[in-house]
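This report refers to the structure that appears directly beneath it.
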Amino acid sequence: MTEVHAGETLGRFCEYHHRTPATATCALCAKATCDVCTRAVNAAALCMGCAVGRATQTSWLAAAFSLLLPGAGQVYNGQFGKAVTVFLLAPLAAPWLWGVYDAAVTADRIAAGDVTAATVPTGGVLLGLKIVWLPVAVFYVVLSSLAVTALMAGVGALLR
Ligand SMILES: [Zn+2]
Ligand SMILES: [Zn+2]
């Protein structure tokens, strides 16, 4: 889980535990941390402080966001320009589906540490997405149940 840079932090002690030798350096603030204080986020070792509100990018979450709200997966990945493009082209259906695929693939690449250009979403962005996502999900459930009801009524009328 955590990256250990043997030798690199030799002689340094954990920022949080002053008697414990450090085994990693935070990728964001360069604090020395021990095994207990190191958090792995998107293949990078972070200190406890920097890891707050940050989580490893997951492809299923990116896909789920994109599936219900075109471009939401791109927002999750920190690609805001792409998000707007996908959202505007979504009525054509194909860009929407491509957006789902792209969000999942990009999330995996961010998690693996291959993509560093994308902004790692802070807790605020993730929380905002989850809050927006819920009413959209409810809307789709209501819409599809209405469609099924209408379909059943139509079939019933035809059979009569
Ligand atoms: Zn840090
Ligand atoms: Zn520690």
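FYI, it's all coordinate maths here, none of it is from the lab. Note that the structure is a prediction, hence the values are computed from the model and not measured. Please note: Cβ atoms are built from the backbone with ideal geometry, for glycine as well, and neighbour counts cover all protein chains shown.
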### Message
How much length would be gained if the chain were fully extended between residue 28 and residue 146, taking 0.36 nm per residue of separation minus their Cα-Cα distance, in nm to one decimal?
### Response
37.6 nm
## Note on the structure
Taking every alpha carbon pair in the chain and sorting the distances into 5 angstrom bins from 0 up to the bin holding the longest one, the percent per bin comes out as 2, 9, 14, 15, 13, 11, 9, 8, 6, 4, 3, 2, 1, 1, 1, 0, 0
### Summary
Here, chymotrypsin sites (Phe, Trp or Tyr not before Pro) of region 69-160 satisfying both criteria (DSSP loop; at most 10 other Cβ within 10 Å) are none
### Task
Putting +1 on Lys and Arg Cβ atoms and -1 on Asp and Glu Cβ atoms, find which of 153, 47, 112 reaches farthest to the positive end of the dipole of region 9-160.
47
### Task
For the chain, find the longest principal axis of its Cα atoms and tell me its angle to the long axis of helix 123-159, 0 to 90°, nearest 10.
20
### Query
In what order do 13, 65 fall by count of nearby beta-carbon atoms within 10 Å, going from fewest to most?
13, 65
#### Entry: Magnitude of the charge dipole, the chain, Cβ model with Lys/Arg +1 and Asp/Glu -1, debye to 20
320
## Note on the structure
Scoring only Lys, Arg, Asp and Glu (+1, +1, -1, -1) among other residues with Cβ under 13 Å from the Cβ of residue 31 yields +1
## Note on the structure
Among 27, 66, 13, the residue whose Cα sits farthest towards the positive end of the charge dipole of the chain (+1 at Cβ of Lys and Arg, -1 at Cβ of Asp and Glu, taken about the Cα centre) is 66
